[in-house]
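What follows is a short report on a single structure.
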Amino acid sequence: MYAIRVGLSAPAGTAEPAEPAVRSALSALLRMAGARLEHARFRSSPGELSGVCFLAAGSLLEAEHLLGHACRVLTVPFGPLADWRLERCEADPWIALGLHEAPAGN
C-alpha cells in the first residue's frame with residue numbers, strides 16, 4: 001500500500017467539493033485502472049482540496065501515476081471538479097519511510 005498526497009486548487013468563488021463524491025469518483029476511476037483506493041482523508045477549504053490517499057497498486061510510481069491520472073479526469077471541463085487544477089500528486093516520504101511517528105525513548 002502506498003501513501004500519496006494530492007492537492008487541488010480552484011479559482012476564487014468555486015464551491016467546495018463534496019468529499020464523499022470525490023472519494024467515490026477516485027475509487028471508481030482507480031478500480032478501472034487496476035488499483036484500489038484503500039483509504040483517503042481529505043481537507044477542503046474554499047478553492048482548495050488536499051488529502052492523503054492510500055492505494056494498493058503494483059508499485060509506488062504506478063500509484064502516483066494512476067492517482068494523478070484519476071485526479072486529472074475529475075478536472076476535465078465537464079467533470080465533477082471542472083475548473084480545478086491538480087497542484088500535487090506525490091508519494092508522502094514521511095509516511096513511506098515510517099518517519100511520521102516520534103522515535104521511541106525520547
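The values are calculated or read from the model by the stated rules, or taken from the named source; none is laboratory data. What you see is a predicted model, and the numbers here were worked out from it, not measured in a lab. With ideal geometry, Cβ positions are generated from the backbone for all residues, glycine too; neighbour counts draw on all protein chains shown. Keep in mind that these areas ignore ligands, DNA and RNA; they rest on the heavy atoms of the full protein, side chains included. Shrake-Rupley method; radii C 1.70, N 1.55, O 1.52, S 1.80 Å.
With all protein chains in place and ligands, DNA and RNA left out, the 1.4 Å accessible area ranks Arg41, Arg23, Arg72 as Arg41, Arg72, Arg23, largest first. In order along the stretch 4-10, the phi-based Karplus estimate (6.51 cos²θ - 1.76 cosθ + 1.60, θ = phi - 60°) of 3J(HN,Hα) comes to 10, 8, 10, x, 10, 10, 9 Hz; Gly and Pro are listed as x. Full extension of the chain between Arg72 and Thr14 yields a length gain of 19.2 nm, computed as 0.36 nm times the residue separation minus the alpha carbon distance.
For the chain, what class follows from the C-alpha gyration tensor (a ≥ b ≥ c being the square roots of its eigenvalues): rounded when a/c is under 1.5, otherwise prolate if a/b is larger than b/c, else oblate? Judged from the Cα gyration tensor, the chain comes out oblate (a/c at least 1.5, b/c at or above a/b). Rounded to the nearest 10 degrees, the inclination of helix 19-33 to the longest alpha-carbon principal axis of the chain is 80 degrees.
When nucleic acids and ligands are ignored and a 1.4 Å probe is applied, Glu90 ends up with an accessible area of around 90 Å². Taking the Cα atoms only, what angle lies between the long axis of helix 60-74 and the longest principal axis of the chain, rounded to 10 degrees? With both axes taken from Cα atoms, the answer is about 20 degrees. Take the Cα of Val52, step 7 Å toward its Cβ, do the same at Met32, and the gap between the two points is 2.9 nm.
If a spin label sat at a point 7 angstrom from the Cα of Ser24 along the line to its beta carbon, the backbone N atoms of the stretch 51-74 nearer than 18 Å would be those of 71, 74.
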